[in-house]
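One structure is given here, and the rest of the page talks about it.
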Amino acid sequence: MRPILIRNGYVITGDPAIGDVPSGDVLIVNGRIAEIGQNLHHDEAEEIDATGTIVMPGMVDTHRHTWQTQLRAICADMSLMQYMRCIRFNISPVYTPEDVYVGNYIGALEALNAGITTLYDFSHTSHSPEHADEAIRGLRDARIAGLYAYGFYPAPVDRPYFTSVDQRIADAERIRTQHFSSDDQRLGMAVAITEVGMYPFDSTRKEIMTGRRLGVQQTIHTNCFWGSAFCSGIEELAAAGLLGPDQVHVHCNSVTDNELRLLADNGAKVSCTPDTELQMGMGHPLIGRAHDVGIKPTLGADVISCNGGDLLTQARLGLQDARVLANDPVNAQGRMPEDIPFKVRDAIAWMTINGAEAMGLDHRTGSLTPGKDGDIVLIAPNDFNLMPLNDMVGAVVLQANVSNIDTVVLRGEVVKRHGRLTGVDFKQLLRMAEGSRERIMEQALRRGPLVPPPNTTAMAEMEETARQNLAA
């Protein structure tokens, strides 16, 4: 691999020991950052002229259901309850392994195009071993780094391949052996735990302990349903010794102060997805509350069936919402705040180093630090929205968008150059996405309305089941 020398950009390292480097250079050798400074030289390096651009770490998305990419925007006006009935209970069951491949492949490319070099793929459409295999193949073909989280989730498929948690655990073991026998890979393995309450608590214990036995990270939806026992269970998990620093709890909007403290005391991490949380009725993102108890916030794009696949938008929404919540008590007293809580540099950390730490990958990525992987993004002032550049960090968080991402380097490989992904046939990708979308929609509509009407009896039964499972 030829060395790369990124020259003369404004370098936001995200490493407090180094800080920002104006007119800075970054040298990448053998896929890793070798040196950061000014006026660097390497005889054999490919030089990338970063003059006038912002150079920053590759972004880290800690929560995305990548398989939904070809369902783009169909949930734009849906609540979480409607999303569950439409996507989880109606559309997910008709996904074929090929559909999962298409969603993961194109979705991972979309992430790279947006400067996201590390992705936590929450894959809860593993209806068969082939579905899981194709999900992994899609991510690997796209060349993205991160974690593939094997979902233990059940789905109302017509002829289920798996009929027990133990069968799914056996398949997770197969995945670990067959695809992730080495931990030193661009893409690693994790497990996605079924929402607490959906299964008997002993099954939840089995899933979590399987992750620990396999030596992989875990991720789980937590406390995003208000007034419900479903998707809760923090106190029960803590009492059973099942909370830990190897977990990313997603959403957590309705946690009590005690539940949040239990997450913090056990070293658990949190992923916030502002777009979906604010839209779908989950409530305010947890960013401020997490920060107050010492949990470092992280960000995810969540579902492309609702919103776009970049983190700049999530950082912007999350930052401004956290500011609103902090300022509300001051306004309620008839006063104006003297200062603004949470700074744009905080938001940079949410979408870089905090995410890497949450995924257990901060030794490899998340900041521009010598020895870490060469995961780097160049943001160019190529349009009115960045003209002129003044506050570089503020420009990234509150002004930039995907069209400004000129170059993306992943482990020393240029995967986006001059605003275009390398080695990608966009027209072919569009045909793949449209073909998969048409087949999925045709099959889903055969099952009935795309968004099935509410079933109050079924919801009441699910709620009672969740309460019984937590009490067991």
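The values are calculated or read from the model by the stated rules, or taken from the named source; none is laboratory data. Keep in mind that this is a model prediction, so the values were computed, not measured. A quick note on method: Cβ atoms are made from the backbone with ideal geometry, for glycine too, and the neighbour counts reach across all protein chains shown.
Among the residues of the stretch 331-341, is there at least one that is modelled with pLDDT of 95 or more and buried (at least 23 other Cβ atoms within 10 Å of the Cβ)? For the stretch 331-341, residues modelled with pLDDT of 95 or more and buried (at least 23 other Cβ atoms within 10 Å of the Cβ): absent.
Each row is one residue, and each column tells you yes or no for (1) crowded, with 18+ Cβ neighbours inside 10 Å; (2) touching a helix residue (DSSP H, G or I) at 6+ places or on another chain (Cβ under 8 Å).
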| site | (1), (2) |
| --- | --- |
| L386 | yes, yes |
| N390 | no, no |
| V408 | yes, yes |
| V415 | yes, yes |
| Q428 | no, no |
| R437 | yes, yes |
| P452 | no, yes |
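Within this structure, F342 fails the test of being of a type in the set (F, W, Y) and in the same structural domain as G412 (by TED's automatic domain parsing). Here A466 does not fit the description of being surrounded by 15 or more Cβ atoms within 10 Å (Cβ to Cβ), in contact (Cβ under 8 Å) with a residue 24 or more places away in the chain, part of a loop (DSSP other than H, G, I, E, B) and hydrophobic (A, V, I, L, M, F, W, C).
Do you know which residues across the stretch 7-35 are of a type in the set (A, V, I, L, M, F, W, C) and either under 25 Å from Q185 (Cα atoms) or not assigned by TED's automatic domain parsing to the domain that holds P370 (or both)?
Taking the stretch 7-35 as the starting set, the residues that turn out to be of a type in the set (A, V, I, L, M, F, W, C) are 11-12, 17-18, 21, 26-29, 33-34.
Scanning the stretch 7-35 gives V26, L27, I28, V29, I33, A34.
Considering only residues in the stretch 287-311 that are without any contact (Cβ under 8 Å) to a residue 60 or more places away in the chain and touching a Pro at 6+ places or on another chain (Cβ under 7 Å), the one that is surrounded by the most Cβ atoms within 10 Å (Cβ to Cβ) turns out to be A290. Of all the criteria given as (1) modelled with pLDDT of 95 or more; (2) more than 30 Å from the chain's Cα centre (by Cα), the one not satisfied by E442 is (2). When L410 is tested against the conditions (1) touching a residue at least 40 places away in the same chain (Cβ under 8 Å); (2) farther than 30 Å from K343 by Cα, the lone failure is (2). Residues in the stretch 270-326 that are over 11 Å from the mean Cα position of the chain (by Cα) and of a type in the set (S, T, Y): T276, S305, T313.
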